[in-house]
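Each remark here refers to the structure printed beneath this line.
The values are calculated or read from the model by the stated rules, or taken from the named source; none is laboratory data. These numbers come from a predicted model, not from an experiment. In this analysis, Cβ positions are derived from the backbone assuming ideal geometry, glycine residues included, and neighbour counts consider all displayed protein chains.
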Amino acid sequence: MLDRDQIIEIAVAVASVLLMLSAMFGIGSQYGTDNGTLSPEGGEMLVIAIIGFILLLTTVGLVLAFLMNEPEDELEPDDDADAKSAV
């Protein structure tokens, strides 16, 4: 059975991929030529869309990592590390 966190991660990933596919489809239909190729402006827009997708997934990954961080996973820094090492 999937945990709540896994379902959220899957939904965000699928939504991000669908957003990228729709952007690619939109660019292809807007900047496509009659022979099935992209115009130079369409190529530039496609590169911008790919860079935006990379930045989007990086941001989403960081946000999910901080929002889904639970103290028992030991991902947070230990404030008492100095006190434990002195004992």
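Would you pick out the residues in the stretch 1-48 that are exposed (fewer than 10 other Cβ atoms within 10 Å of the Cβ) and within 23 Å of GLY61 (Cα to Cα)? I'd like the intermediate steps shown before the answer.
Initially, the stretch 1-48 is screened for residues exposed (fewer than 10 other Cβ atoms within 10 Å of the Cβ), giving 1-4, 29, 33-36, 40.
Residues satisfying the conditions are MET1, LEU2, ASP3, ARG4.
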Inter-residue pairs, beta-carbon under 8 Å, first farther than 15 Å from VAL17 by Cα and in the stretch 39-67, second polar (S, T, N, Q) and not in a helix (DSSP H, G or I), 6+ apart: SER39/THR33
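A quick yes/no check of all residues on (1) closer than 25 Å to ASP5 by Cβ; (2) among the basic types (Lys, Arg); (3) modelled with pLDDT under 95; (4) touching a helix residue (DSSP H, G or I) at 6+ places or on another chain (Cβ under 7 Å):
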site: TYR31; (1), (2), (3), (4): no, no, yes, yes
site: GLY43; (1), (2), (3), (4): no, no, yes, no
site: ILE50; (1), (2), (3), (4): no, no, no, no
site: ALA65; (1), (2), (3), (4): yes, no, yes, no
site: ASN69; (1), (2), (3), (4): yes, no, yes, no
site: GLU72; (1), (2), (3), (4): yes, no, yes, no
site: LEU75; (1), (2), (3), (4): yes, no, yes, no
site: ASP79; (1), (2), (3), (4): yes, no, yes, no
site: LYS84; (1), (2), (3), (4): no, yes, yes, no
